[in-house]
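Since the structure comes first, as structure tokens, the remarks are kept for the end.
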Amino acid sequence: MAHHLPADNLKKLSESEERFRALVMATSDVVYRMSPDWTVLRQLEGGDFLSGVGEPLTDWMPKYIHPIDQQFVKDAIDDAIRGRHIFQLEHRVLQADGTIGWTSSKAVPILGDNGEIVEWFGAASDITPRKRMEEDLKRARDEAEQQRRLNAIVTSNTPDLVYVFDPNYVFTFANPALLTMWGKTWDEAVGKRLLDNGYEPWHAEMHEREIDHVIATKQAIRGEVAFPHATLGRRVYDYIFSPVFNADGEVEAIAGTTRDISDIKENEQRKNDFISMVSHELKTPLTSVISYVQITQKRAAKNNDTVAADMLDRAGVQLGKMTRMINGFLNVSRLESGRIQIDHEVFDIAALMKEVEDEAKASILTHSIEFESQTGLTVNADREKISQVFNNLLSNAVKYSPSGSPIRVDAKLSGNWVEIAMHDEGAGISKDDLPRLFERYYRVKEAEANHIAGFGIGLYLCSEIVKLHGGKIWAESEPGKGSTFYFALPVHKAE
Ligand code: ADP
């Protein structure tokens, strides 16, 4: 049996070496053996990571090590040899597929009987994915940091107030302008809600409801608010709250900007005051001229001077136009300063339409005018002002449609609304202009080009009057085919 022993031992030895190799290979991607001074790579098994070599290789450095890291690897090797301790390093390698990867490499000196190094036995792992992730993370961090610095610069140099709320109304960002306005530091203000930052309850409540609205609708919201500033007195602010979405499309924050528009408002006020003053000043002489014309008209009639009477008639029509224009401006300035008052009364819309119709038929001879109304449509509204809406829409229909064409006005019940439609067969209005018609001083370019007189206040006044009644006003039109202007007032229900 004895002669079997050496073979057995040999087998055992090779088995244990196999096992050892398997163990090392299981925990690392590469195993290698180096000559004592690392000049010769004796063996390398690389798996898929590094291409392996069976033969000893002297020129291994350029084959495996990234050029930039070669010196750094050499230094670490020298250090390990000198200190006779473990070589351990993370460095870049040239992978089997030719791309650059990362490895974490470790080699232990194997000592001979006399304590001399006979070989280095190393194992290296592929840490490329981890390094890539670290690099991505670092890049993302750098970008975020750069973005943060950029935001800081942008938001710190603007006089506008810039801030961010989380969905629980807590400030997560406030720019220097806002902090200055509050007289607080970042640490004092950020992380707090509106009330904690000195907002009055009504004001905080208003903004919190607006934040709810932005979250619910996922839409930005714009508003205007006036409040007393600690040092600057009463200021007017224009603000926009915009939703900030997360990856799932939910609102995760609300970004706001607020601009002090007090100066703009003041200029606007000055302009309005000016228009109002001019209109008032023009009215006095105009009233006298009208009465002189009327007196002279009576005398001309008495004297049977038909030529003079006719001319004075025309003068009267022109004076009427002037009066309406001036009244328009006066109404605008009254509206702007909130001096327009709605005197409610309950009346039948058909009755008012009959009056408007009679008056229109007497004065408008260029167009055929048709009125039609359901009966029993009552509203609780300012009769005088609703009459003005009819007349403004009617005079536009006349102004913007050709002589001889029909104008139809009808009223009907539509749900809880009394809906009035005024239809003409004029040039119509383009899609782009439709939504802007009701803005103050807005005029369609064609109207200007065709020298049709106007200041763009008629529809603005109509819209403001209708809105003061809690009503709606809109227009539908197809260029070339005419327009229909609608307004709707809440129907009055008898108790
Ligand atoms: P103005 O008539 O003084 O310009 P409005 O506010 O009454 O001012 O009207 C605003 C603009 O709307 C007008 O300039 C005109 O271009 C357009 N518009 C109003 N009514 C009509 C209509 N019936 N048909 C076509 N365009 C109209």
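Structure summary
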quantity	calculated
FRET efficiency, T180 to Q147 (Cβ-Cβ, R0 30 Å, nearest 0.05)	0.80
Around A475: net Lys/Arg minus Asp/Glu count, Cβ-Cβ under 12 Å	-1
Cα principal axis extents for segment 202-245, largest first, Å	36, 17, 13
Within segment 359-394, backbone nitrogen closer than 11 Å to the virtual label 7 Å beyond the Cα of K467 toward Cβ	none
Full-stretch length increase - A315, V24 - with 0.36 nm per residue and alpha-carbon distance subtracted	93.6 nm
Length gained when the stretch V118-E384 is fully extended (0.36 nm per residue, less Cα-Cα span)	84.5 nm
Within the chain, helix-based [θ] at 222 nm, where runs of 4 or more DSSP H residues each add -39,500 (n - 2.57), nearest 500	-15000 deg cm²/dmol
Net charge over other residues, Cβ less than 11 angstrom from the Cβ of L89 (K, R count +1; D, E count -1)	-1
Prolate/oblate/rounded call for segment 16-126, Cα gyration tensor, a/c under 1.5 rounded	oblate
Rounded, prolate or oblate (a/c below 1.5 giving rounded, otherwise prolate when a/b exceeds b/c) for segment 230-303 by Cα gyration tensor	oblate
Computed P(r) (all Cα pairs; the chain; 20 Å bins; percent)	15, 27, 20, 14, 13, 8, 2, 0, 0
In segment 54-157, trypsin sites (Lys or Arg not before Pro) in a DSSP loop with at most 12 other beta-carbon atoms within 10 Å	R84
Selection from P109, L330, I215, by position along the positive dipole direction of the chain (Cβ)	L330
Calculated diffusion of segment 48-95, Stokes-Einstein form, Kirkwood radius summed over Cα pairs, 25 °C and 0.890 mPa s, µm²/s	207
Amide N proximity, segment 337-361 versus R234 label position 7 Å along Cα-to-Cβ, cut-off under 13 Å	337-338
Relative contact order (percent, whole number), segment 345-490, Cα cutoff 8 Å, 6+ residue spacing	24
Convex hull volume of segment 124-205 per residue (C-alpha atoms, cubic angstrom)	121
Formal net charge of residues neighbouring N304 (Cβ-Cβ distance under 14 Å; K, R +1; D, E -1)	+1
Rg/Rh for segment 158-260, where both radii come from Cα atoms and Rh is the Kirkwood radius	0.95
Net length gained if the chain between I68 and H213 were fully extended (0.36 nm per residue, minus Cα distance)	46.5 nm
Those GluC sites (Glu not before Pro) in segment 412-476 that DSSP places in a loop and that have at most 16 other beta carbons within 10 Å	E439
Square roots of five times the Cα gyration tensor eigenvalues for segment 72-158, Å	44, 16, 9
E252-M277 FRET efficiency (beta carbon distance; Förster radius 35 Å; 0.05 resolution)	0.10
Global geometry of segment 309-436, whether rounded, prolate or oblate, following the gyration tensor of its Cα atoms and the 1.5 cut on a/c	rounded
Cα→Cβ-extended label distance, 7 Å offset, between L286 and K192, nm	5.4
The chain, relative contact order in percent, only Cα pairs under 8 angstrom and at least six apart counted	7
Extreme residue, positive dipole direction of the chain, given options N392, V236, A427 (C-beta unit charges)	N392
Reference-scaled alpha-carbon Rg (2.2 N^0.38 Å with N residues) for segment 265-337	1.47
Student exercise, the chain dipole from Lys, Arg, Asp, Glu Cβ charges, in Debye to nearest 20	1580
Ordering of 366-378, 166-178 by packing [mean C-beta count within 10 Å, highest first]	166-178, 366-378
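Bear in mind that the values in this text are calculations on the coordinates, not laboratory data. All values derive from a computational prediction rather than experimental measurement. Glycine gets a Cβ as well: all are built from the backbone with ideal geometry, and neighbour counts include every protein chain shown.
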